[in-house]
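A.B. asks: Quick one: this structure, given as structure tokens, is what I'll be asking you about.
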Amino acid sequence: MAEQDGSAVRDEVAAARRIVVKIGSSSLTTAAGGLDADRVDALVDVLAKVLDRDVGEAGDGKEIVLVSSGAIAAGLAPLGLERRPRDLARQQAAASVGQGLLVARYTASFARYGRRVGQVLLTTDDTSRRAHYRNATRTLDQLLAMGALPIVNENDTVATDEIRFGDNDRLAALVAHLVRADLLVLLSDVDGLYDGDPRTPGTSRIDEVKGPKDLAGVTIGSAGRSGVGTGGMVTKVEAARIAAAAGVPVVLTSASRAGDALLGRPTGTYFHRTGRRSADRLLWLAHASEPRGALTLDDGAVRAVVERRTSLLPAGIAAVEGEFTAGDPVELRDTEGRAVARGLVNFDAKEIPRLIGRSTRDLARELGPAYEREVVHRDDLVVLHRHG
């Protein structure tokens, strides 16, 4: 760590140019629902100052992508709902009302600094399917290039249980990978990760996490006190793990300490990067997609896919289950039912039974040239676990 302004500084954090910041519902709204304008303005004040700081002569200063929760929570009060509904239909209705209010509030708040914002709503299809993934990348890159600040949220108004990210912490980690960020900052109502319940005397904040061993024996709570969000500390630690493994360092702290965190001061918990950047879509395929079905592989196919990283051919399939269409994510299992990989399938589920155990040459001869191809191409496949 270096010294700056008389205090220690996390060099990698201070030097980060492209930053993804995630803010949770509890930091933007009241438990009864409705946006807290003062909290939104306080966050924007911090982000605007960071953007205006250290801008070089060529204008190559910092860039921020904001992943903001709060749409459903913001829609509760206007719709007369006392608490976050449990059913998906009313959640979607609240999100529809609240998302507009949320972006309008951000638009007005950033306008005080002469800055524009752009709304980007994502579903898991936008992150695992090749064309959608490229489009999302291009949109975010173009917004940043044109000086606009992207505000990202899950598209709650149309997402179903099967295609949801589940929480914006995980979405933020994946967006950090998507935009090739130098840093991810997770903001909530807790000032870091503690070695127990922070409300219990004797617990202390964990300043740094250099790897999984640093979390051994740590009890991580999942409850959110405000009742308006979906996550908790469990989802934040999982998001930090995903990002760090993809080569993006993470700072986890409270919204009230966002300024210090973004300047690199040692606040909150700092998760060091544990891996290098991987092939773009594979991280999304592993963490953003929910399998729509499963293919059971024979032992030879498991070895080929897992150890030699080859494509999955029809001859290596032993069984199929689920209802899916071409392009959907499916789980690849060994004969004992263990998931060994995940991939985007090239055939509908109803087509698979007549392909099982057959060579592509035979299939092409009988069914046509469209069947002389892989069931899952190696470029659309990510290995989850080593076999055996």
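A.B. asks: If amide H atoms are built 1.01 Å from N in the plane of the peptide, which residues on other chains or at least 5 residues away come under 5 Å of the amide H of V185?
C.D. replies: Here V20, V21, K22, V251 satisfy the definition.
A.B. asks: Let me ask another. Full extension from E82 to A37: what is 0.36 nm times the residue separation minus their Cα-Cα distance, to one decimal in nm?
C.D. replies: Extra length from E82 to A37 when fully extended: 14.3 nm.
A.B. asks: Rank V330, V218, V46 by mean-square fluctuation in a GNM of the chain with C-alpha springs under 10 angstrom and give only the top-ranked residue.
C.D. replies: Answer for the Gaussian network model of the chain: V218.
A.B. asks: Let me ask something else about it. Can you tell me the orientation of helix 168-178 relative to the chain, as the angle in degrees between its alpha-carbon axis and the longest Cα principal axis, to the nearest 10?
C.D. replies: Helix 168-178 sits at roughly 70 degrees to that axis.
A.B. asks: Continuing with the same structure: Given the Cα-Cα distance of E336 and R354 and 0.36 nm per residue of separation, how much length would full extension add, in nm?
C.D. replies: Value of the extension gain: 4.2 nm.
A.B. asks: Same structure again: Give me the distance between the Cα centres of the range 34-49 and the range 355-387, rounded to whole Å.
C.D. replies: When both Cα centres are located, 52 Å separates them.
A.B. asks: Now for a separate question. How large is the accessible surface per residue of the chain, computed with a 1.4 Å probe and reported in Å² as a whole number?
C.D. replies: Ligands and nucleic acids excluded, the result is 45 Å² per residue.
A.B. asks: So, one more: List the residues whose amide H sits under 5 Å from the amide H of V117, counting only those 5 or more places along or on another chain, with H placed 1.01 Å from N in the peptide plane.
C.D. replies: Amide H neighbours of V117, under 5 Å, 5+ apart: L149.
A.B. asks: Right, here's the next one. What lysines sit close enough to K22 to cross-link, taking a C-alpha to C-alpha distance under 29 Å and skipping anything fewer than 8 places away on the same chain?
C.D. replies: Leaving aside lysines fewer than 8 places away in the same chain, those within reach of K22 are K49, K62, K210, K213, K236.
A.B. asks: Of all accessible surface on the chain at a 1.4 Å probe, what whole percent is carbon and sulfur?
C.D. replies: 47
A.B. asks: Applying the Karplus parametrisation 6.51 cos²θ - 1.76 cosθ + 1.60 with θ = phi - 60° to the phi angles of the range 83-88, what ³J(HN,Hα) value in whole Hz is obtained for each residue in order, glycine and proline being reported as x?
C.D. replies: Per residue, the Karplus-derived 3J(HN,Hα) values read 8, 4, x, 8, 7, 5 Hz.
A.B. asks: Also, I was wondering about something else. Looking only at the chain, where both bridge partners belong to it, what percent of the DSSP beta bridges are antiparallel (to the nearest 5)?
C.D. replies: Rounded to the nearest five, the antiparallel share is 45 percent.
A.B. asks: Taking a 1.4 Å probe, which of D191, D11 shows the most accessible area, and what order do the others take after it?
C.D. replies: Largest accessible area first, the residues go D11, D191.
A.B. asks: Could you sort R134, R84 by accessible area so the largest value comes first, with the probe set to 1.4 Å?
C.D. replies: The most accessible residue leads, giving R134, R84.
A.B. asks: For the chain, what is the mean residue ellipticity at 222 nm derived from helices alone (per DSSP H run of n ≥ 4: -39500 (n - 2.57); sum divided by total residues; nearest 500 deg cm²/dmol)?
C.D. replies: That calculation yields -9500 deg cm²/dmol at 222 nm.
A.B. asks: In degrees between 0 and 90, to the nearest 10, how far off the longest principal axis of the chain does helix 130-145 point, with axes built from Cα atoms?
C.D. replies: Compared with the principal axis, the helix lies near 20 degrees.
A.B. asks: Whenever you get a sec, line up T203, T269 from highest to lowest accessible area (probe 1.4 Å, protein heavy atoms).
C.D. replies: Putting T203, T269 in descending order of accessible area: T203, T269.
A.B. asks: Which value, in Å² rounded to 10, gives the accessible area of H132 with a 1.4 Å probe and all protein chains present?
C.D. replies: Around 70 Å² of this residue is reachable by solvent.
A.B. asks: Please find the FRET efficiency linking D260 to R90, where r is the Cβ-Cβ separation and R0 is fixed at 25 Å, and quote it to the nearest 0.05.
C.D. replies: 0.05
A.B. asks: Still on this model: How far apart, in nanometres, would the label points at R309 and A14 be if each is projected 7 angstrom from Cα along the Cα-to-Cβ direction?
C.D. replies: In this crude spin-label approximation the distance works out to 3.7 nm.
A.B. asks: Compute, for E321, the solvent-accessible surface of its heavy atoms (probe 1.4 Å) with the complete set of protein chains present, and express it in square angstrom to the nearest 10.
C.D. replies: 100
A.B. asks: Given points 7 Å out from each Cα along the Cα-Cβ axis, report the A370 to A318 separation in nanometres with one decimal.
C.D. replies: Reported label-point gap for A370 and A318 is 3.0 nm.
A.B. asks: Same structure, new question: With semi-axes √(5λ) of the Cα gyration tensor in Å in mind, check (i) 53, 20, 18; (ii) 35, 23, 20; (iii) 39, 23, 21 and report the label derived from this structure.
C.D. replies: Correct label, based on the coordinates given: (iii).
A.B. asks: Quick one: if the Förster radius is 51 Å, what FRET efficiency do A326 and R199 give, using the C-beta to C-beta distance and rounding to 0.05?
C.D. replies: 0.50
The values are calculated or read from the model by the stated rules, or taken from the named source; none is laboratory data. As the structure is a prediction and not an experimental result, all values here were calculated from the model. Every residue, glycine among them, receives a Cβ derived from its backbone with ideal geometry; neighbour counts consider all protein chains shown. Side chains are part of the model used for accessible areas, which takes the heavy atoms of the whole protein and leaves out ligands, DNA and RNA. Shrake-Rupley method; radii C 1.70, N 1.55, O 1.52, S 1.80 Å.
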